[in-house]
Amino acid sequence: MLARSWMKVRMRRIIHIDMDCFYAAVEMRERPEIAHRPIAVGGSSGRGVLTTCNYEARRFGIRSAMPVFQAKQRCPHLTVLPVRFELYREVSRQIREIMHTFTELVEPLSLDEAYLDVTHLARPGAEVAAEIRANIYEATRLTASAGIAPNKLLAKIASDWNKPNGQFSIPPSAIPAFVKTLPIRKIWGIGPKSAEKMAALNVNTCGDLQAMAKADLIHEFGSFGLDLYHLCRGRDERPVQANRIRKSLSNERTYSHAFTSLSSCEAALERQFEELVEDLKTHAAERRIEKLFVKLKFSDFRRTTVESMDKQPNWKTYLALLRTAWGRSGESVRLVGLGVRFAEAHRGPEQMELALFPSESSAREW
């Protein structure tokens, strides 16, 4: 029964659209005179961190979440621009409108990326993705990359395969060969420390993980081991969820470099707090907040969440929650997150879910 269910899930056609260095790209469009310089968007103070940077800046080893002072050391002529959320939200709205002309099954992840389920369309997914990207460029003069696959996990991995301004498809028949040689760092939840632990076990690819028994994975990595058993095989049964009633709204990131000090976590959390406040204005302005929370994931895979009964997002409260969470472990931090939990809303009758699986004829046009 499980095998039949998995075959159905594999036949979805999901597109992951990811705008290329979105905030920086918008600023380059607005300021063409500096478009070919190294540009970053983020905190302008020495304590601040970068939200994103363009590809010119990345050649100097600059990356998102890097402290501004460190980025300036690597590239003294780096132009650091302040974040302009109002502008980015408006451009994001244009992009979402384009997506909705192809399917109602659109699940935004942030202002610059979203999943689309196009299973019901008769056209091949790669053709649909190419047209979406072309329409986005025509309307906004911004480029997007796309991944096309039978599930969210692989679609997100694929969208990063031919960046910038490219796309990559992983049809169902190609999944076993694709994941066999896929580096484990491509799987969500696996950061530098996790990769080091796996390297010590001679595990470097998903194929290496597949060779481990489920019980051994659970023994080595706890509950995350069970997730790894499925993820390394390219399995992900999460559907694209459009217009779902949110129980919470959060902003969390797994960083490529683990944080070893509380001050570095505070700098990262401050930028994420600003983004959360803007996201609340966009997605949940009318919702009543019940709790605030901070979430950390440590290099030993343990997670902790600290909550407060405050009803309004408040930086001092989040800072206090972070300090409490930090004190629960002596390990470095790989993931930093914060968010709000909403009070339960009264729901109307459940709507029927749209068909997620293709007919026999459309499956042949994958």
Worksheet entry | Kyte-Doolittle mean at least -1.0 and Cα axial length at least 15 Å: DSSP H helices in the chain | 85-100, 125-140, 262-283, 315-326
Worksheet item: Among 224, 71, 51, which residue has its Cα positioned farthest towards the positive end of the charge dipole of the chain, with +1 placed on the Cβ of Lys and Arg, -1 on the Cβ of Asp and Glu, and the dipole taken about the Cα centre?
Response: 224
Worksheet item: With charges set only on the Cβ (+1 for Lys and Arg, -1 for Asp and Glu), what does the dipole of the chain come to about its Cα centre, in debye to the nearest 20?
Response: 700
Worksheet entry | Check: region 211-342 dipole with +1 on Lys, Arg Cβ and -1 on Asp, Glu Cβ, in debye | 360
Practice prompt. Sort 196, 33, 274 so the one with the fewest other Cβ atoms within 10 Å of its own Cβ comes first.
Written response: 33, 196, 274
Worksheet item: Relative contact order for the chain using alpha-carbon pairs under 8 Å, separation at least 6, rounded to a whole percent?
Response: 17
Worksheet item: Tell me which aspartates and glutamates have Cα within less than 13 Å of residue 214's Cα, excluding those fewer than 8 residues away on the same chain?
Response: 227
Item to complete: Normalising by the residue count of region 248-342, find the relative contact order in percent from Cα pairs under 8 Å and 6+ residues apart.
Response: 46
Worksheet, complete the sentence: Listing 316, 197, 214 by rising number of other beta-carbon atoms within 10 angstrom, fewest first, gives 316, 214, 197
Worksheet, complete the sentence: Listed by chain and number, the lysines with an alpha carbon less than 18 angstrom from that of residue 316, same-chain partners under 8 positions apart left out, are 291, 295
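Could you give the alpha-carbon Rg of region 23-85 over 2.2 N^0.38 Å, rounded to two decimals?
0.96
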Worksheet, complete the sentence: Dipole check, the chain, charges on Cβ (K,R +1; D,E -1), about Cα centroid: among 23, 202, 128 the Cα furthest to the positive pole belongs to 202
Worksheet entry | Of 152/281; 156/311; 197/247; 186/281; 156/197, those spanning more than 29 Å from alpha-carbon to alpha-carbon | 156/311; 197/247; 186/281
Worksheet entry | Highest-first arrangement of 257-263, 118-124, where packing means the average Cβ count within 10 Å | 118-124, 257-263
Worksheet item: In the P(r) worked out for region 248-342, what percent of Cα pairs fall beyond 24 Å?
Response: 16
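Return the calculated 222 nm mean residue ellipticity for the chain, to the nearest 500 deg cm²/dmol, obtained by summing -39500 (n - 2.57) across DSSP H runs with n ≥ 4 and dividing by the residue count. Display every interim value, and only then the final one.
Details: 15 runs with 144 residues, N = 366.
That comes out to -11500 deg cm²/dmol.
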Item to complete: Enumerate the lysines that residue 193 could reach by cross-link, defined here as Cα to Cα under 17 Å, with residues fewer than 8 away along the same chain left out.
Response: 297
Response to the item:
Log10 I(q)/I(0) at q = 0.08, 0.09 Å⁻¹ for the chain, from Debye over equal alpha-carbon scatterers, is -0.43, -0.56
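Only the coordinates and a few stated rules stand behind these numbers; no lab work does. From a predicted model like this one, the values you see are computed outputs, not experimental measurements. With ideal geometry, Cβ positions are generated from the backbone for all residues, glycine too; neighbour counts draw on all protein chains shown.
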